[in-house]
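Following: one structure in structure tokens, then a few remarks.
The values are calculated or read from the model by the stated rules, or taken from the named source; none is laboratory data. Since we're looking at a predicted model, the values are computed, not measured. No Cβ is skipped: glycine too gets one built from the backbone with ideal geometry, and neighbour counts run over all protein chains shown. The protein model used for the area step is the full one, side chains on, heavy atoms only, and it has no ligands, DNA or RNA in it. Shrake-Rupley method; radii C 1.70, N 1.55, O 1.52, S 1.80 Å.
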Amino acid sequence: MSILLEGAGLRRTYRRTLDLDVPRISAQRGRVLVIMGPSGAGKSTLLRLLALVEKPDQGQILIAGQPAKPHDLKSRRKMASAMQTATLFRGTVLRNVEWGLAIRRVHKRLRLIRSEEALALVGLDGFESRDVAELSGGEAQRVNLARALAVQPEILFLDEPLVYVDETMRESLALALRKFTLRTSCATVWVTHDRAEALGMSDDLALVSDGRMLQQGETMEVFTKPDGLQAARLVGADNVIAATITSNDDGLAKLKAGDADIEATTDLAEGTTVYLVVRPEEVSVWGAAPQDSSPRNWFKGVLAEVISLGATVKLRVDGEVPLVALITQPTFRELGVTAGDPIWAGFKATAVHVMRRS
Amino acid sequence: MIPQALRDAFRLIFEGDPYTLSVIWFSFKVAFASLAIAVVIGLPVGILLGTTRFAGRLGFLTLVNAAMGLPPVVAGLVTFMVLRNNGVLGDAQLLFTPAAMVLAQVPLAAPLIAGITMASISALPAAIKIQARGLGASRLQEAKILAGQARASLFAAVIAGFGATISEVGAILITGGNLLVGGKNYTRTMTTAIVLETRLGNFSRAMAFAVILLFAILIVNILFTRAQTAGRAR
């Protein structure tokens, strides 16, 4: 793995308060790094610093190990960004898409070829001579994307690239962007607030909240083993249970959460106070007490709330250990329960991520 | 009075009165020469002020804004003092020449152009600048694309500059002298001619010049506005 872009000790102060503090972040060739966090977390600010558009108050950006600064045009020309607000320049679609190439003094004929390629990639073939004033919001955002793609940069920055794109287009466009990253082996830095987008798109994931880097790592690692409560909430691990390890037998620990007994796999020693993180899709539910003993961790409760999410349903179960479960619609129909009914919910010992409580 | 003035105006133009035509022609020459120099100075200064932050920018900006209200007679007087025989540039012998008139008018139009340019570029969304930079633009390329986005407003700046120079009288009267040399027009413009004719009591001639001046301004502005709105969808 080769790190292409690195941010080290990045700090930025706004009106005397530290609004961004990121000790380390890195992006690799041929991989998508998603920076995920709630709105106002400082994601776009971080992206602008990494993209050498703005200067950090402290810290530096490294490209292939070499320090790079905003006034350093050669470094900036290795990058291209599609910022969140699709600010298109007046004129035709082609004039916009080829602009990044024009300022790099790329030959006119090559400009046209690359622009057409980029437009095809975002599904806007044949839009070259359209006036940007006539585009819809979604089309404008795709032109904005194509404008950055046409440059074929070594490092591609995308700030919420799919927000205004039609639902039907979103998946194919996301796939095209992934393919582009692989084909050109650029490092793609992708900012989003959307958890599903992050999970679907990223190879690596960086969690940002309140201007602080919570965690960075391979996506599945971060999703299944969030580091800290905030990280757990960000990746949608709805179930966080405070517990204490009462014994640990070769990695299989017994824990107490209030009066409830729980089993989980961990190397942490007896007496450690921990948080247990369980993703909602790992929680099973039954309409009656389960006969078969695995999973061991199951609790009786009352179905407190049913939240329909389209193809899936989120169930909130109140009981000894309150749990949130995510199940499919057919499973929910089979279950035949409504709010207020008794229900049993549980999870496997191996589905628990055990996190030391500080 | 006014219908008579209109009739006189048309008669003077269509009869091809050499004196009238030379005054009209000379007015445009001075106005456009001043405007051209003012644009060359004012546009880049305005773009610089609108796109970059540098030490002393605020002071400079205040100066430009203040200069937008520079009284023409003061500009004329200062130019006069500089160009008169024992003035700093007295040796150049420029006083009471068309060049002196242009020199006096540039400081009137340039701040106007710089100020309007600065304001219109500053009013552009910051996102355009960020996006241009994010695509790898140099400082100059960034300024160029921003100026392009504010194209219509920049035309407005130039139009304002033209309005200032063509209608100006105080500065060019002092520095040009409203002269005929050997019966031929040397430094007389429509505005200075109006002043003279009014003083002499030739009101219908003064009115005729006024009408011609207004029409001339209107025609030039029609052309300017066409250029300003060209290439736009609507």
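Listing for the model above:
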quantity: Flagged links, alpha-carbon separation over 31 Å, of A:Lys78/A:Lys108; A:Lys78/A:Lys225; A:Lys108/B:Lys29; calculated: A:Lys78/A:Lys225; A:Lys108/B:Lys29
quantity: Calculated on alpha-carbon atoms, Rg and Dmax of region B:21-186 in Å; calculated: 18.4, 64
quantity: Potential lengthening between A:Glu281 and A:Ser308 on full extension [0.36 nm per residue; Cα-Cα distance subtracted]; calculated: 8.3 nm
quantity: Hydrodynamic radius (Kirkwood) for the protein assembly as shown, which is based on Cα pairs only, to one decimal in Å; calculated: 29.7 Å
quantity: Long-range amide H partners of A:Leu214 with built H, under 5 Å; calculated: A:Leu207, A:Val208, A:Ser209
quantity: Protein-only accessible surface order, largest first, of B:Ile116, B:Ile41 at 1.4 Å; calculated: B:Ile41, B:Ile116
quantity: Dipole magnitude (debye, nearest 20) for region A:207-358, charges at Cβ of Lys, Arg, Asp, Glu; calculated: 280 debye
quantity: Length-normalised contact order for region B:1-124 - Cα pairs under 8 Å, 6+ apart - percent; calculated: 39 percent
quantity: For chain B, built as a Gaussian network whose Cα springs stay under 10 Å, the top-fluctuating residue of B:Val220, B:Val88, B:Val169; calculated: B:Val88
quantity: Convex hull of Cα atoms in region A:1-43, direction-averaged projection (nm²); calculated: 3.5 nm²
quantity: Buried area at the B-A interface (accessible, heavy atoms, 1.4 Å probe, summed, Å²); calculated: 1900 Å²
quantity: Listed residues B:Ser122, B:Ser27 arranged by accessible area, highest first, probe 1.4 Å; calculated: B:Ser122, B:Ser27
quantity: Cβ neighbours within 10 Å from other chains - mean over B:125-132; calculated: 6
quantity: Residues in region A:93-131 occluded by at least 20 Å² - accessible area, probe radius 1.4 Å, against chain by itself; calculated: A:Trp99, A:Ile103, A:Asp131
quantity: Cut-off 18 Å, label 7 Å out along Cα→Cβ of A:Ala289, residues of region A:321-349 by amide N; calculated: A:321, A:342-347
quantity: Cα point-scatterer Debye curve for region B:76-120, base-10 log of I(q)/I(0) at q = 0.19, 0.23, 0.32 Å⁻¹; calculated: -0.58, -0.71, -1.06
quantity: Residue-wise HN-Hα coupling along region A:30-47, computed from phi with Karplus coefficients 6.51, -1.76, 1.60 (Hz; x: Gly, Pro); calculated: x, 10, 9, 9, 9, 9, 10, x, x, 5, x, 7, x, 4, 5, 4, 4, 4
quantity: Rg ratio (alpha-carbon, reference 2.2 N^0.38 Å) - region B:191-234; calculated: 1.72
quantity: A:Arg31 - accessible surface, heavy atoms, 1.4 Å probe, Å² rounded to 10; calculated: 50 Å²
quantity: Tilt relative to chain A, helix A:137-150 - C-alpha long axis, 0 to 90 degrees, to 10; calculated: 70 degrees
quantity: Residue-averaged beta-carbon neighbours from other chains (10 angstrom radius) around A:81-87; calculated: 5
quantity: Average beta carbon contacts from partner chains per residue of B:141-150, 10 Å cutoff; calculated: 2
quantity: Residues with amide H under 5 Å from that of A:Glu54, placed H, sequence gap 5 or more; calculated: A:Leu49
quantity: A:Ile3 paired with B:Phe60, simple spin-label distance in nm, labels 7 Å along Cα-to-beta-carbon; calculated: 4.0 nm
quantity: Relative intensity, log₁₀ I(q)/I(0), of region A:116-217 from a Debye sum that treats every alpha carbon as a point, q = 0.11, 0.17, 0.23 Å⁻¹; calculated: -0.35, -0.80, -1.32
quantity: Percentage, to the nearest whole number, of Cα pairs in region A:200-358 over 29 Å apart; calculated: 21 percent
quantity: Dipole axis of region A:239-356 (+1 Lys, Arg; -1 Asp, Glu on Cβ), positive-most option in A:Gly287, A:Gly301, A:Ala339; calculated: A:Ala339
quantity: Accessible-area order (highest first, 1.4 angstrom probe) of the listed residues A:Asp259, A:Asp131; calculated: A:Asp259, A:Asp131
quantity: From phi via Karplus (6.51, -1.76, 1.60), per-residue ³J(HN,Hα) for region B:152-165 in Hz, x at Gly/Pro; calculated: 4, 5, 5, 4, 4, 4, 5, 4, 4, x, 5, x, 5, 7
quantity: Angstrom value of the Kirkwood radius, inverse mean 1/r, which spans all Cα pairs in region A:3-225; calculated: 17.6 Å
quantity: Solvent-accessible surface (1.4 angstrom probe) belonging to B:Leu196, in square angstrom, nearest 10; calculated: 40 Å²
quantity: Amide H contacts of A:Glu270 (H built 1.01 Å from N, under 5 Å, at least 5 apart or other chain); calculated: A:Asn248
quantity: Projected label distance in nm at A:Ala269 and B:Phe215, using a 7 Å step from Cα toward the beta-carbon; calculated: 10.4 nm
quantity: Debye, to nearest 20: dipole size of the protein assembly as shown, +1 on Lys, Arg Cβ, -1 on Asp, Glu Cβ; calculated: 2900 debye
quantity: Residue-by-residue Karplus 3J(HN,Hα) for region B:94-104, coefficients 6.51, -1.76, 1.60, Hz, glycine and proline x; calculated: 9, 4, 6, 10, x, 4, 4, 4, 5, 4, 6
quantity: Which of A:Ala27, A:Thr246, B:Leu77, positive extreme of dipole for the protein assembly as shown (C-beta unit charges); calculated: B:Leu77
quantity: Burial order of peptide ranges A:238-251, A:317-330, A:141-154 (average beta-carbon count within 10 Å, highest first); calculated: A:141-154, A:317-330, A:238-251
quantity: Segment A:Leu62-A:Glu221, extension gain: residue separation times 0.36 nm, minus the distance between their alpha carbons; calculated: 54.7 nm
